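Each value in this text was obtained by applying a stated rule to the coordinates, not by laboratory testing. Because the structure is predicted, anything quoted here is derived from the model rather than measured. Please note: Cβ atoms are built from the backbone with ideal geometry, for glycine as well, and neighbour counts cover all protein chains shown.
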Amino acid sequence: MHMQLYFTLGSVKGWPALIILPFNHPVTFPRILAFKHFHIPTITLNFYPKKHMPSFSRKVEAIQAGQVAVASVPFDAYSSYLTGAAKAPRKIWEAFYSDSANTFAEDGTDIKDHPEIVDVGPLPFKDYLDITAQVQRLLDKGARVLSLGGDHSIAYPIIKAFFQKHGPLTILQLDAHSDLYDEFEGNRYSHACPFARIMEEGLARRLVQVGIRTLTTHQREQAARFGVEVHEMRHGVPEALALEGPLYLSLDMDILDPAFAPGISHYEPGGLSVREVLNIIHHIDVPLVGADIVEFNPARDINGVTAMVAAKFLREILAKMVTG
């Protein structure tokens, strides 16, 4: 049980007013038609009374094996330069449902209300390492999981949960940074370190990095130590990656050139275009068991451009997960 609230502009006794009515109010539907006809802004929101709001646990209970659970992970405490990525999941969903676009992926899959896709909302984690247990709850139901971050530090606890379910994974990391520091600013769990933790614990049998353009001497040594396949941008975008499943995709928004994604914390010129990233996603031809989209910082976005790009990536990754 829930109530839809309808917001629109109107007037009361000649004075401008914001009108708020239940969607099923007897005067609401005619006003929707009238206001839309005159192009007056309208908003419809779903409002759940607290006692009827589905909890995360109830959403988990309802998951069917094989579905894709989209989970928000609003964590940015281990960002090294700017915080703000914790606010990204909500902005991505707002862009996803924007009236300026639709909810279809390029292959024709309609993501909205797709029976194999479930938005489970924010993970109810108590601290950083508890993210693993919460993701594990979804995986134990037979779901695949797409996580919306958050900074890139979340990849480590998430992939740790995937390892417990699938064993060592092939990971495709799309990123400007290799995130292989042993520690950064005294923090071994920094968003600059997740793939060092992943590789030293044997959570991945293969790590393929694309878009890299910031390697330090230490990170080159780390890449050699762990046998990471690094495709540096100075050599261009690889034509083929020859991936194996089960595959996990970790997409850092700063893989894009800042011209395409101003809403990121670390501007690193010389990145990929949106279309080049979409081509990589579309050419995945092995089972995609999980993914994350991270490092979108709404505080630095311009006119919602990066939010729309992130929502586009969300649609295309979900389509790939449900159609194979």
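Centroid-to-centroid, using Cα positions, segment 289-324 and segment 199-246 are 22 Å apart. Its alpha carbons considered, segment 101-155 gives a radius of gyration followed by a Dmax of 13.7, 39 Å.
Residues L82, L272, L180, ranked from the fewest to the most other C-beta atoms within 10 Å, line up as L82, L272, L180.
Among 117-123, 277-283, sorting by the average number of other beta carbon atoms lying within 10 angstrom of each residue, highest first, gives 117-123, 277-283.
One equal scatterer on each Cα of segment 277-321, no solvent, Debye formula: the resulting log10 I(q)/I(0) at q = 0.17, 0.23, 0.29 Å⁻¹ is -0.53, -0.83, -1.10. Across segment 174-179, coupling constants 3J(HN,Hα) worked out from phi with the 6.51/-1.76/1.60 Karplus curve, θ = phi - 60°, read 9, 6, 7, 10, 7, 6 Hz, and Gly and Pro carry x.
Translational D (Stokes-Einstein, µm²/s) of segment 171-324 at 25 °C and 0.890 mPa s when Rh comes from the Kirkwood sum over C-alpha pairs?
On the way: Rh = 15.8 Å.
Value of D from the Cα-based Kirkwood radius: 156 µm²/s.
Taking each of K112/K160; K112/K320; K87/K312; K165/K312 in turn, the alpha-carbon distance tops 22 angstrom for K112/K160; K165/K312.
Sorting S55, S72 from the fewest to the most surrounding beta carbons within 10 angstrom yields S55, S72.
Legend: ranking of residues F75, F104, F296, F125 from fewest to most surrounding C-beta atoms inside 10 Å; resulting order F104, F125, F75, F296.
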